[in-house]
Amino acid sequence: MPHAPGDAPATASATTAASVDTHCPYCALQCGMTLRPSAADVGVEVVERTAFPVNRGALCGKGRTAPALLSSRVRLTGPLVRRPDTGRLEPATWEEALDRVAEGLAATRRAHGPDAVGVFGGGGLTNEKAYALGKFARVVLGTSQIDYNGRFCMSSAAAAHQRAFGLDRGLPFPLADVSRTGCVILVGSNLAETMPPALRYLTELREAGGRLIVVDPRRTRTAEQADLHLAPRPGTDLALALGLLHLVVAEGRVDEEFIARQTTGWAEARAAAMAHWPELVERITGVPVPELRRAIGMFCDAENAMVLTARGPEQQSKGTDTVGAWINLCLATGHAGRPLSGYGCLTGQGNGQGGREHGQKADQLPGYRKLDDPAARAHVAGVWGVDPDTLPGPGRSAYELLDALGGEVRGLLLMGSNPLVSAPRAAHIESRLRSLDFLAVADVVLSETAALADVVLPVAQWAEETGTTTNLEGRVILRRAAVSPPPGVRTDLAVLNALAARLGWEKGFPADPEEVFDELRRASAGGPADYSGITYRRIAEEDGVFWPCPAPAGAGDRDGERDGDRTGVGPEDDGAGPAGVVVSHPGTPRLFLERFATVDGRARFVPVTHRPAAEEPDAEYPVLLTTGRVLSQYQSGAQTRRVAELNEAAPGPFVQLHPLLADRLGAVEGAPLAVVSRRGRAVAPARISRDIRPDTVFMPFHWAGPGRANTVTNPALDPVSRMPEFKVCAVRVELAGD
Ligand code: SF4
């Protein structure tokens, strides 16, 4: 009999006899860990895996406590179906639940057409699941309406990468290179809380004499480590980057030789930057001119230097341009296209990188191919055994898809996401979810979104199934199953297999992850994110393989369709061996050393200019709100809020504000404050701190209920990436009484 929430703890039913090397289920660092059999009811315990090069054994509290959720009391261990007579979710058999989902999706399609059925995925899904979900949407459902929560996370950096370099991989170099460069500008990242084991690379950088500049409106734990902390007003990072580029030109620090040899578009980008003189930038950002000059001195004096961005500059209605401005700074100074230098994005979600490469994004096919490219459609349709003309075109982006629920999109299948907490303007999204004709959710726990569903399908967790993810470096790694899921739980792949069969596709959706990965390899062959030379065995033997990694000539599955060498892979890496000998491609740890992935091999400057946030303070809403994460919670908190140790460390939301603002409001530490925007009101205790600007308040976004930060945030979208402006909106802060 399946357990409903609140029943007795579920127990992982079977444990492997030996220890298993695997990876953390949470963030994009994908720390290596070993799961050792344990007498505890979860069946395994985490031990250090020092041999894995990215985290070298270090784990944060989230990774260390990850097994706790394997037997949580709130774990779903059987399907739930909403009964028409009671209106409540009640236990059901898998047969009944799957029949209800298949019929719910089919009925919506029959009544309103294929695009009335939506699919919403997640950046935590393995590559195999992301691939199978995209194929399921386009082949079985025939819908264009698929996107995923990774759109909220890294899409602006991805778009800027594509524009400048012709290819998007978060870091074009291994993370270890960071400790060997000369200077890092870290923009809008609080690594010390979001991925603590990565902080050691910045510490090593400084111990070796390198300089660290942190750009963040708050003095975070990461900013405390910096040689220089620049604290711009939220939403002005673009102006800051332009002001720095202006100074690079004014102070004669431009690398003219590099620009002439390896770039295009400098004249236009230079002209745009020259319109942002330092005093103007100081007025816009609040960062004093001498600090701008100091930053440029450190960055240009270093023989090698990097800019790393994260959600701060990316989650803005001008996020693509903002990242583009930081890339321009790297290009103008020649800090790109050579070892230990360049621009990188610190991807956030566990499989944020792989999740955006293999087809769950609205405009994409596997291998990072474009859905509107006829050759890409033909290739992938060939692998799928369908007519390319039957594949739908690009669909809506994540927020636009959620906004269309109950309107043009009337039925939704959701996997690995909790938009009721994580989407901007969340109260509106909640009302959209409630207005659906049919909602099915596959999840590990009864998340806030799952609680609204007509059918909830309980699925296996990271330690209970095998699959690949791609970490922030572009390193494809293998998570291995260490325990069996509880009886009554199935894998996401098994769910898609069963649904596809009910909808007329007996074949083409295997539940075995390695079988799915082998098909993914064929589908990605020749695409920008080419995985065709990567196998489970190679990943295990090599501690991960960096894409692109084409299959060697003669190894099959190539289809003769490679796009040519546009990835910066050197000639020594081209996979060609002596006649008759098949040589494996080594993978590509470092991109762009020979050439950029554009048609002409040159990086592209993109001229960008500052513009205000979509919503600036005014008399009614005079304060800026910025949002983010804390050390002991992860994303919407669906998992981490159910781990006792993490919940004790970070039990709820708060409003961080400066003492000057607190005095003005009459606020005292711990008293409830209401943060009110044009979209709604969130209430949380005051946390008074000098580590934030007086014109700004900060709220973490991990919680539902009255303290839900995303009730307040602005869904204004970047015109290129369609990423919402989570990082800045105008609010009023007031005492909330009791
Ligand atoms: Fe897991 Fe990220 Fe923490 Fe590493 S840093 S243990 S991947 S949450």
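Of all residues in region 325-343, which are part of a helix (DSSP H, G or I) and either among the aromatic types (Phe, Trp, Tyr) or open to solvent by 10 Å² or more (accessible area, probe 1.4 Å) (or both)? Spell out the reasoning first.
Going residue by residue through region 325-343, those that are part of a helix (DSSP H, G or I) are 325-332.
326, the sole residue that qualifies.
Of all residues in region 49-67, which are open to solvent by less than 20 Å² (accessible area, probe 1.4 Å) and more than 11 Å from the ligand (Cβ to nearest atom)?
67
Looking at region 357-369, is at least one residue within 22 Å of residue 126 (Cα to Cα), outside any loop (DSSP other than H, G, I, E, B) and either open to solvent by less than 10 Å² (accessible area, probe 1.4 Å) or of a type in the set (Ser, Thr, Tyr) (or both)?
Within region 357-369, one or more residues are within 22 Å of residue 126 (Cα to Cα), outside any loop (DSSP other than H, G, I, E, B) and either open to solvent by less than 10 Å² (accessible area, probe 1.4 Å) or of a type in the set (Ser, Thr, Tyr) (or both).
Out of region 188-227, which residues are assigned to a loop (DSSP other than H, G, I, E, B), open to solvent by 60 Å² or more (accessible area, probe 1.4 Å) and either closer than 19 Å to residue 291 by Cα or hydrophobic (A, V, I, L, M, F, W, C) (or both)?
Result: 208, 219.
Quick one: is residue 463 assigned to a helix (DSSP H, G or I) and not charged (D, E, K, R)? Explain how you work it out, then say what you get.
Values: assigned to a helix (DSSP H, G or I): yes; not charged (D, E, K, R): yes.
Spelling it out, residue 463 is indeed assigned to a helix (DSSP H, G or I) and not charged (D, E, K, R).
Restricting attention to region 374-388, does a residue exist that is open to solvent by less than 10 Å² (accessible area, probe 1.4 Å) and either within 26 Å of residue 458 (Cα to Cα) or in a loop (DSSP other than H, G, I, E, B) (or both)?
For region 374-388, residues open to solvent by less than 10 Å² (accessible area, probe 1.4 Å) and either within 26 Å of residue 458 (Cα to Cα) or in a loop (DSSP other than H, G, I, E, B) (or both): absent.
Consider only pairs whose beta carbons are under 6 Å apart and that are at least six residues apart or on different chains; among these, list those whose first residue lies in region 20-32 and is without any contact (Cβ under 8 Å) to a residue 12 or more places away in the chain and whose second residue is among the hydroxyl-bearing types (Ser, Thr, Tyr) and near the ligand (Cβ under 6 Å from one of its atoms).
Going by the 6 Å Cβ cut-off, there are no qualifying pairs.
Going through region 238-252 one residue at a time, which ones are more than 28 Å from the chain's Cα centre (by Cα) and among the small types (Gly, Ala, Ser)?
243, 250, 252 - these are the residues of region 238-252 that are more than 28 Å from the chain's Cα centre (by Cα) and among the small types (Gly, Ala, Ser).
If we scan region 307-323, do we find a residue that is at pLDDT 95 or above and surrounded by fewer than 20 Cβ atoms within 10 Å (Cβ to Cβ)?
no
Starting from region 60-80, take each residue that is in a strand (DSSP E or B) and list its partners that are buried (at least 22 other Cβ atoms within 10 Å of the Cβ), counting only C-beta distances under 6 angstrom and pairs at least six apart or across chains.
Filtered contacts from region 60-80: 75/10; 80/456.
Do we find that residue 74 is away from the ligand (no atom under 16 Å from the Cβ) and open to solvent by less than 20 Å² (accessible area, probe 1.4 Å) in this structure? It would help to see each step written out before you state the result.
Working: away from the ligand (no atom under 16 Å from the Cβ): yes; open to solvent by less than 20 Å² (accessible area, probe 1.4 Å): no.
No: the conditions fail for residue 74.
Return a yes/no flag: does region 438-457 have any residue that is touching a helix residue (DSSP H, G or I) at 6+ places or on another chain (Cβ under 6 Å), buried (at least 23 other Cβ atoms within 10 Å of the Cβ), modelled with pLDDT under 95 and not in a loop (DSSP other than H, G, I, E, B).
So far as region 438-457 goes, no, none of its residues is touching a helix residue (DSSP H, G or I) at 6+ places or on another chain (Cβ under 6 Å), buried (at least 23 other Cβ atoms within 10 Å of the Cβ), modelled with pLDDT under 95 and not in a loop (DSSP other than H, G, I, E, B).
Does residue 234 satisfy the condition of being outside any helix (DSSP H, G or I) and of a type outside the set (D, E, K, R)?
Spelling it out, residue 234 is indeed outside any helix (DSSP H, G or I) and of a type outside the set (D, E, K, R).
The values are calculated or read from the model by the stated rules, or taken from the named source; none is laboratory data. Please read these numbers as outputs of a predicted model, since none were measured by experiment. Please note: Cβ atoms are built from the backbone with ideal geometry, for glycine as well, and neighbour counts cover all protein chains shown. The protein model used for the area step is the full one, side chains on, heavy atoms only, and it has no ligands, DNA or RNA in it. Shrake-Rupley method; radii C 1.70, N 1.55, O 1.52, S 1.80 Å.
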